Each structure stands twice: as structure tokens, then as C-alpha cells.
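The values are calculated or read from the model by the stated rules, or taken from the named source; none is laboratory data. Since this is a predicted model, take the numbers as computed values, not measurements. Positions of Cβ are backbone-derived with ideal geometry, glycine not excepted, and every protein chain shown enters the neighbour counts. The accessibility values were calculated without ligands, DNA or RNA, using every heavy atom of the protein model including side chains. Shrake-Rupley method; radii C 1.70, N 1.55, O 1.52, S 1.80 Å.
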Amino acid sequence: MPPHSFISGLIGRIQLGTSAAVEAHVARLTAQHSHLSESLTAIQTAIEARLRDDGLNYHLVKGRVKSAESVKGKLSKINPEGTLKYPNGLDDLDDILGVRVITYIEPDVANVVAALAGQFRVLETTDKKAQQVNRGVLGYAAHHLILEVSGDNTPIGCAGCIVQRFGVQVKTVLQHAWAEFEHDVRYKAVGAIPPAIDRAFTLASGLIELADNEFVKIHEAVAREEVSLPADAKSRAEPITSDALAEVLLAELPDHPRSKKEQYDWLVNLLNAMSITTVEEAVELIGNADWNFVRERMAYKFPAGHVRIVDDLLLKEFGDQYIEETKALGDDPGRASKLRFRLRKLESS
């Protein structure tokens with residue numbers, strides 16, 4: 001047999017074996033799809049619960065299970081020496097499950113990363129924007145995490161997916177829009193992208209960074225604005241509403257981030273459960289609170305959102321009674337155990 005025929009046959013057998021291995025991994029993925037979908041739902045629910053517990057404001061949490069086609073393409077990648085880039089198949093992939101957390105302003109990206117690091121085991125963390133800054137270039141900006149569901153302090157609902165790894169991308173709304181459009185253009189492109197298009201994307205990323213910076217300035221300016229609370233007795237005797245409560249908290253806690261709109265609705269229910277029903281009563285509670293005590297005992301990793309820190313204040317003021325009266329409010333089945341844990345921190349000397 002001529003040498004070139006032998007080599008061609010050997011390459012063909014290697015490619016056939018590689019293809020068969022990839023197909024076997026894809027078949028395994030298909031067989032696991034139902035379990036993976038259930039795991040994704042549990043993980044996404046746990047992420048949303050953690051962000052809600054911390055009172056963080058965010059736009060969207062969205063997850064996906066990587067498609068069989070996408071997994072096949074990734075597993076088919078070959079190293080220069082001809083071996084599979086991912087020889088262990090699915091076990092080498094950290095992003096079969098993926099979650100995106102989209103925030104409104106950039107400082108909340110870091111807050112979300114800190115919150116998730118307290119909920120799951122961190123295997124990898126990559127600040128894409130910091131990398132761009134260090135290289136002196138513009139481009140894709142987001143914070144990427146590879147996380148794992150830990151067997152220790154497993155989030156509620158995640159007992160069935162312990163040691164499951166998943167990827168998380170945390171970015172602002174503007175960063176997300178840039179990345180989605182850029183990916184769409186490159187995915188649909190026929191052939192190489194012209195340099196003019198690359199330059200246009202770079203210019204757009206610079207404009208988006210400027211816009212994100214302006215949004216932060218707007219947020220900070222609004223927080224510094226003097227909030228006029230109702231001075232007349234009639235207005236202060238009105239039932240507390242979520243809008244009025246947000247204004248009271250913005251005036252009292254300007255350095256703590258706002259929470260999501262629906263969280264203020266929930267906080268009104270918590271106050272009402274403790275017979276705090278009017279603007280006057282809410283102002284008295286919040287205005288006379290020892291916020292430094294709450295911050296020191298809770299040792300927040302970042303400034304807690306309005307709703308979270310008031311939840312802790314109410315827990316400090318009313319203790320076990322608060323747990324009993326509010327444990328069923330909301331949709332968190334683990335609220336009672338979380339409150340008991342937090343109460344121990346508040347009562348520790």
C-alpha cells in the first residue's frame with residue numbers, strides 16, 4: 001500500500017472514531033435532557049431567590065440548556081495534533097447549563113457576582129471588562145462565572161442537582177444588547193467579517209460603556225436628591241403604599257440600592273403584618289432605626305437592597321414573632337429557616 005494511502009486510511013479511521021465518540025456523547029446528552037431541564041429550573045429559581053433575599057434590583061434572569069447541535073459542534077473541535085479538544089465529552093463542558101443575569105447598572109453586576117458566590121461553589125470567575133481595560137481595548141464586557149451546586153448549604157430545590165456545574169453571565173442591559181447583536185451578526189455572516197464591521201462594533205462598545213457610566217451617574221444623582229416626605233398629619237396618617245415606602249427608604253438609606261418594584265409591595269405586607277400600616281408609623285420605625293447595628297451584625301458583602309435591610313430591621317425589632325407572622329408571606333418555602341439563621345446573627349454578641 002502506498003504511504004499516502006496508508007496515511008489517508010489512518011486519518012479516515014481516526015475521524016470515524018472521533019465522530020462515533022461525539023455521537024455517543026450527544027446521545028447521552030439527549031437521554032439526560034429532562035433531568036438537565038429540571039436542574040436548570042431549580043438553579044434559576046435559587047438564583048432569583050438569592051437576588052430577592054438580598055434585595056437586589058435586576059432586569060432579567062434567563063437560563064438555557066445547550067442544544068444537541070451546539071454540544072456536537074463544541075465536542076467535535078480538534079487540537080492541532082489531531083486529538084479531541086474535549087476528550088471526556090460532556091464531563092469537560094461547564095456550560096451545558098447556562099444562566100444570564102441582566103442588571104440595569106454596572107455596580108449591580110459586582111453585587112450579583114458576590115451574591116451568587118455566597119450561594120454556590122465558585123469554580124472559575126472571569127471579569128471580561130477588567131481584561132479589556134488591562135489590555136487597553138474595547139469590546140465584550142461581562143462577568144463570567146462557572147459555578148457548582150454544593151452539597152454543603154444546598155439551595156432549596158437543588159438537592160437533585162448537587163455537583164451540577166453551570167455557567168453564568170452577568171452583564172448590564174446595554175452590554176447584553178451589544179453582545180446579542182454582535183453574536184447575531186457574526187453567526188449569520190457568510191465568510192469573514194469585514195474590518196469596517198469590526199471597527200463599528202468596537203466604536204459601539206465604547207459608546208455603550210459611556211452610556212453605562214452615565215446611567216450610574218443618573219442613579220447616584222437621584223439617590224442624592226432630597227426626598228420630600230409628607231409633613232401634614234393627614235398625609236402621614238394615610239396607609240403606607242409601596243411608592244411612599246420607597247421614598248421613605250430613599251431618604252433614609254440613600255447609600256443602599258433600590259429594590260425591585262414588586263419587592264416594595266411585599267415589604268408593605270411585611271410591615272402590615274406587624275401592625276405598621278401608616279406612613280407615620282413607617283417613618284417612625286425607619287427614622288429611629290439603628291442601621292449601623294444591623295449592618296455590623298449581618299456583615300453584608302455589599303450594601304443590602306432597601307427591602308432586605310428593612311426585613312432584617314423588622315427581624316431585629318420583633319424576633320420570633322416576626323418569623324411566625326411573616327414566614328408564609330411571599331413564595332419562598334425556606335423563609336422561616338432563613339429568618340431563624342439571620343436572627344441568630346442579629347442576637348449574637
Is the stretch 276-285 home to any residue that is part of a helix (DSSP H, G or I) and within 30 Å of the chain's Cα centre (by Cα)? no
Name the pairs whose Cβ atoms lie under 8 Å apart, with the first residue in the stretch 106-118 and under 23 Å from Ile218 (Cβ atoms), the second aliphatic (A, V, I, L, M) and at pLDDT 95 or above, and 6 or more positions between them or separate chains? Val109/Val170; Val112/Val101; Val112/Val170; Val113/Leu145; Val113/Val170
Is it the case that some residue within the stretch 180-197 is in contact (Cβ under 8 Å) with a residue 40 or more places away in the chain, under 27 Å from Leu51 (Cα atoms) and open to solvent by 50 Å² or more (accessible area, probe 1.4 Å)? no
The stretch 64-87, residues that are assigned to a helix (DSSP H, G or I) and without any contact (Cβ under 8 Å) to a residue 24 or more places away in the chain: Glu69, Ser70, Gly73, Lys74
Checklist (1) at pLDDT 90 or above; (2) open to solvent by 40 Å² or more (accessible area, probe 1.4 Å); (3) within 24 Å of the chain's Cα centre (by Cα) applied to Pro239, failing item: (3)
Suppose the filter is open to solvent by 40 Å² or more (accessible area, probe 1.4 Å) and out of contact with any helix residue (DSSP H, G or I) (no Cβ under 8 Å at 6 or more places or on another chain); does Glu81 pass it? yes
Restricting to the stretch 105-127, name every residue that is buried (at least 17 other Cβ atoms within 10 Å of the Cβ) and either in contact with a strand residue (DSSP E or B) (Cβ under 7 Å, 6 or more places away or on another chain) or at pLDDT 95 or above (or both). Ile105, Glu106, Val109, Val112, Val113, Leu116, Phe120, Asp127
Please go through the stretch 290-305 and pick out each residue that is touching a residue at least 12 places away in the same chain (Cβ under 8 Å) and polar (S, T, N, Q). none
Condition first: open to solvent by less than 80 Å² (accessible area, probe 1.4 Å), out of contact with any Ser or Thr (no Cβ under 8 Å at 6 or more places or on another chain) and not polar (S, T, N, Q). Now tell me which residues in the stretch 328-349 satisfy that. Leu329, Gly330, Asp332, Gly334, Ala336, Lys338, Arg342, Leu343, Lys345, Leu346
How do the pairs read when you match residues in the stretch 263-289 that are more than 11 Å from Ile240 (Cα to Cα) and open to solvent by 10 Å² or more (accessible area, probe 1.4 Å) with residues anywhere that are outside any helix (DSSP H, G or I) and of a type in the set (Gly, Ala, Ser), using Cβ under 6 Å and keeping only pairs 6 or more apart or on different chains? Trp266/Gly330
Among (1) under 30 Å from Pro257 (Cα atoms); (2) open to solvent by less than 40 Å² (accessible area, probe 1.4 Å), Thr45 falls short only on (2)
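Let's see how each residue does on (1) closer than 27 Å to Ser259 by Cβ; (2) not in a helix (DSSP H, G or I):
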{"position": "Thr30", "(1), (2)": "no, no"}
{"position": "His35", "(1), (2)": "no, no"}
{"position": "Glu38", "(1), (2)": "no, no"}
{"position": "Arg50", "(1), (2)": "yes, no"}
{"position": "Leu56", "(1), (2)": "yes, yes"}
{"position": "Lys62", "(1), (2)": "yes, yes"}
Kindly evaluate Ala304 against the criterion of being under 30 Å from Tyr104 (Cα atoms) and either open to solvent by 60 Å² or more (accessible area, probe 1.4 Å) or in a loop (DSSP other than H, G, I, E, B) (or both). yes
Residue in the stretch 52-72 that is touching an Asp or Glu at 6+ places or on another chain (Cβ under 6 Å), at pLDDT 90 or above and not basic (Lys, Arg) present: yes
